[in-house]
Structure formats: structure tokens, C-alpha cells
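See structure below.
Please treat every number below as a calculation from the coordinates, not as lab data. Source: prediction; values computed, not measured. Note: ideal-geometry Cβ built from the backbone for every residue, glycine included; neighbour counts use all protein chains shown.
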Amino acid sequence: MVLYGTIYRIDGAISSAQVVPPAMAQADPAELAAACLAQADPAAGDALAEGGVLLVGGALGHGADAELAVLALQALGVAAAICAEADPAFGQAAGAYGLPVLAAPQAASALPHGALVRIDLAKGLVEDRGGGARYPAAPLPPAALAAARRAALLGHMRRAVEDEDLGG
């Protein structure tokens, strides 16, 4: 599975609590999306377009509530995340929910904000489409790859339904 997206870069590490406050555990998806990443970068929620790729220059997802953080990123419309390293619990939750998270330290340090990237999830390869540089990452395990396919299909179906004129 190959994804294309535009990088939204946040330098430094981001904990699960910085992705979304744990107090929002009972919030609906719209509320999760509105609060997502506000503590790490207040502009991220508005600037990270649906289908965008979150790039974290440091570690991603350490701390409690990994599942809530993954759901918030998906509610915001993040297609994938690239980071220097991912917390194991965060990576496990992301894999289960179909959010591709790639630990790619070289990409995390080199890719600039706004870069267009091609991500081959099965091969574990991040490519800067503007500069041509390629960065290795661990390939997604088969179960995480299957979950990412399901999540992408569900997102496509949701957008198709939203685009239909049901005004009668």
C-alpha cells in the first residue's frame, strides 16, 4: 500500500497527552479533532489537511492513553505519521486502528514542513517527491497493513457519502 501526502512537521517529542488531553476520553470525534495537537502546536489542527502526514522530529506517543491519541489523529484526518521513534503502546494502538506510524529517524530529521512524500507501507520506504531522497523505515506488519487498508477504504466511503447531495 502506497500513500502520498504533505508533511506537517512538529519538532521535538509529542506525548499521547499532547496529542489530545486524557480528559477528552468521552468526547465525540469532532471534539477530538478540534483538540488534536493543540498542546503540541496550536496551529496544527487547522493546518494539517485531511490526508496529511504528521512528521514528529522526536518520539511520538509516550505516556498513557495511546488509543485515545490515535483516535484523535484519525478524527483530524491524519493519513500517516512519521517519527524518530514511536512508543510501543502507541504503535500497537495505531496498528490496530489502521493509522500507519513509521519510525524513520533519518526522515524525521531531514524532511521539511510542506514536503510531498510517497510512503510505501509494505516496503518501509519514505520518499521525498520534491528532492528525491529516500529514507528507510520498518515495514508495517501484515495486520497493521490490513488495518490501514480498511481505514483508508472507510475514509473514502465516508467522504463519498458526505459529497452526495442528500438534501432531497
Original post:
Antiparallel as a % of all DSSP beta bridges within the stretch 62-168, to the nearest 5?
Top reply: 70
Subject >> D (Stokes-Einstein, µm²/s), Kirkwood Cα radius, the chain, 1.567 mPa s at 4 °C >> reply: 82
Original post:
Using a simple charge model, +1 on the beta-carbon of Lys and Arg, -1 on the beta-carbon of Asp and Glu, nothing else, what dipole does the chain show about its Cα centre, in debye to the nearest 20?
Top reply: 600
Original post:
Using 0.36 nm per residue, how much length does the chain from GLN26 to ALA133 gain when fully extended, once their Cα-Cα distance is taken away?
Top reply: 34.4 nm
Original post:
Semi-axes, largest first, in whole Å: what does sqrt of 5 times each Cα gyration tensor eigenvalue give for the stretch 96-168?
Top reply: 29, 17, 9
Original post:
Put a dot 7 Å past each Cα toward the Cβ at ALA110 and ASP46; how far apart are the dots in nm?
Top reply: 3.4
Original post:
Under a 5 Å amide H to amide H cut-off, with H placed in plane at 1.01 Å, what residues pair with LEU125 once short-range neighbours are removed?
Top reply: ASP120, ALA137
Subject >> Helix-derived mean residue ellipticity, 222 nm - over the chain, DSSP H n ≥ 4, -39500 (n - 2.57), to 500 >> reply: -11000 deg cm²/dmol
**OP:** Anything in the chain that counts as a DSSP H helix reaching 18 Å or more along its axis (C-alpha) with Kyte-Doolittle mean of at least -0.5? List them, would you?
**Re:** 142-163
Subject >> Table column - 3J(HN,Hα) (Hz), the stretch 133-141, Karplus curve with 6.51, -1.76, 1.60, x for Gly and Pro >> reply: 5, 10, 10, x, 8, 5, x, 5, x
